[in-house]
Amino acid sequence: MKTTLIMSHPYFEDSRVNRALFEAAKGVPDVSVRHLEAIYGSDTRAFDVKAEQDLLIGADRIVFQFPMFWFSVPPMLKAYMDEVLRGKFINDNGNSKLDGKELQIAISIGAQESEYSKKGSVKFTLGEILLPLQLGAYYCGMTFNRIFAAGGALGATEADIKAHVQRYVKLLKNELEEDEYQI
């Protein structure tokens with residue numbers, strides 16, 4: 001399965017979890033990786049829309065990797081979706097150029113995954129919080145895969161990061177078992 005991974009992290013140099021996940025993804029066969037801020041800086045209008053659309057068309061699976069930002073995606077990823085996933089690319093007489101592709105969300109969260117529940121401190125699940133991404137996937141004719149979460153990012157030990165990386169590589173290789181998602 002050909003995978004295009006789009007990563008957005010405005011503070012990548014300070015990241016431990018996302019950086020480790022991103023670096024590991026570079027070594028997975030059939031996965032091409034892109035870091036939006038490294039390519040375009042913080043200019044939310046600088047995207048080479050045609051080139052980005054061509055990359056998405058060529059993929060079977062699209063992965064959006066990012067840290068949770070105020071219960072949403074970082075600014076560059078939001079701008080990417082606004083600029084790249086628009087107009088006739090998505091809705092040309094009811095046809096989408098992404099029809100039949102998979103959308104995979106890979107998110108890091110500061111708290112443990114258990115906090116994202118009705119009984120946890122956040123009071124909402126990741127699925128509820130990220131519902132707009134699921135709706136966007138369906139609007140584009142895509143399959144929305146189960147969310148991959150790397151929880152406890154703020155206090156992650158090296159062992160925690162290693163475990164997240166191992167799970168992520170398995171996900172990218174389509175080898176992750178149902179009970180390994182952790183949410």
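Residues of region 25-47 being among the β-branched types (Val, Ile, Thr), touching a residue at least 24 places away in the same chain (Cβ under 8 Å) and open to solvent by 30 Å² or more (accessible area, probe 1.4 Å), which ones?
Result: Val33, Thr44.
Here are some conditions: (1) buried (at least 20 other Cβ atoms within 10 Å of the Cβ); (2) farther than 25 Å from Pro10 by Cα. Asn95 meets all but one. Which one does it not meet?
The one condition Asn95 does not meet is (1).
Of everything in region 131-183, what is in contact with a helix residue (DSSP H, G or I) (Cβ under 7 Å, 6 or more places away or on another chain) and part of a loop (DSSP other than H, G, I, E, B)? Give them in sequence order.
Answer for region 131-183, where residues must be in contact with a helix residue (DSSP H, G or I) (Cβ under 7 Å, 6 or more places away or on another chain) and part of a loop (DSSP other than H, G, I, E, B): Ile147, Gly151, Gly152, Ala156, Leu176, Gln182, Ile183.
Working only within region 1-24, note down all residues that are part of a helix (DSSP H, G or I), crowded, with 22+ Cβ neighbours inside 10 Å and of a type in the set (A, V, I, L, M).
Those that are part of a helix (DSSP H, G or I), crowded, with 22+ Cβ neighbours inside 10 Å and of a type in the set (A, V, I, L, M): Val17, Leu21.
Go through region 48-90 and give me each residue that's among the β-branched types (Val, Ile, Thr), without any contact (Cβ under 8 Å) to a residue 60 or more places away in the chain and surrounded by 14 or more Cβ atoms within 10 Å (Cβ to Cβ).
Val49, Val84, Ile90
Would you mind stating whether Phe148 is among the aromatic types (Phe, Trp, Tyr), more than 22 Å from Asp14 (Cβ to Cβ) and touching a residue at least 24 places away in the same chain (Cβ under 8 Å)?
So Phe148 does not fit the description; no.
Those residues that are without any contact (Cβ under 8 Å) to a residue 40 or more places away in the chain and within 17 Å of the chain's Cα centre (by Cα), I need them from region 151-173; list them, please.
Gln166, Arg167, Lys170
Please go through region 59-113 and pick out each residue that is of a type in the set (D, E, K, R) and part of a loop (DSSP other than H, G, I, E, B).
Asp60, Arg86, Lys97, Asp99, Lys101, listed by residue number.
Going by the conditions given, is Ile39 at pLDDT 95 or above, aliphatic (A, V, I, L, M) and assigned to a helix (DSSP H, G or I)?
Taking the combined requirement at face value, the residue satisfies it.
Of everything in region 100-122 that's more than 14 Å from Val73 (Cα to Cα) and at pLDDT 95 or above, which residue is surrounded by the fewest Cβ atoms within 10 Å (Cβ to Cβ)?
Once the filter is applied, the top-ranked residue is Gly100.
The values are calculated or read from the model by the stated rules, or taken from the named source; none is laboratory data. As the structure is a computational prediction, the values presented were derived from the model and not from experiment. Methodologically, a virtual Cβ is constructed for each residue, glycine included, from the backbone with ideal geometry; neighbour enumeration extends over all protein chains shown. These area figures cover heavy atoms from the full protein model, side chains too; ligands, DNA and RNA do not enter into them. Shrake-Rupley method; radii C 1.70, N 1.55, O 1.52, S 1.80 Å.
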